[in-house]
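The values are calculated or read from the model by the stated rules, or taken from the named source; none is laboratory data. None of the values given here were measured: they were computed from a predicted structure. Here the Cβ positions follow ideal geometry from the backbone for every residue, glycine too, while neighbour counts run over all protein chains shown.
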Amino acid sequence: MALELNRPGQNMSVYAINKLCRDALHDLAFRAAVKRDPAAAIAALDLTEAERKALLSGDVVRLYEWGCHPFLLSYLTRWDLFGLTGLIYNERIRTAHDARG
């Protein structure tokens, strides 16, 4: 059962995004698919349109604010997935607000 974080107007499958980040680290074929064609690589995942858009645009602020783990999101920078480099990730994540308090 996926852990979901409910926000007004938004259901976020935190598990699906966090698992995607873990898979990018451990699954070489998945990582290569994301590098080759990110939209196609995540097409089969159970994500909302907003989640897909956030991933494809490298919007780590939105993903973090929806409940994704920043450490797992940072895995994406190791291979510049979704246009994220270490510098871009750091600049973006520093502007995020932790809604958990």
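Here is a yes/no grid of residues against (1) modelled with pLDDT under 95; (2) more than 15 Å from Ser13 (Cα to Cα); (3) surrounded by 13 or more Cβ atoms within 10 Å (Cβ to Cβ); (4) under 13 Å from the mean Cα position of the chain (by Cα):
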residue: Ala29; (1), (2), (3), (4): no, yes, no, no
residue: Val60; (1), (2), (3), (4): no, no, yes, yes
residue: Gly67; (1), (2), (3), (4): yes, no, yes, yes
residue: Tyr75; (1), (2), (3), (4): no, yes, yes, yes
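Which of the residues spanning the range 77-94 are aromatic (Phe, Trp, Tyr) and surrounded by fewer than 16 Cβ atoms within 10 Å (Cβ to Cβ)? Write out each step before concluding.
We begin by selecting, within the range 77-94, every residue aromatic (Phe, Trp, Tyr); these are 79, 82, 89.
Passing the criteria: only Trp79.
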Fill in the blank from the handout: Only one of (1) in a loop (DSSP other than H, G, I, E, B); (2) at pLDDT 95 or above; (3) loosely packed, with under 15 Cβ neighbours inside 10 Å does not apply to Ala44, and that is (2)
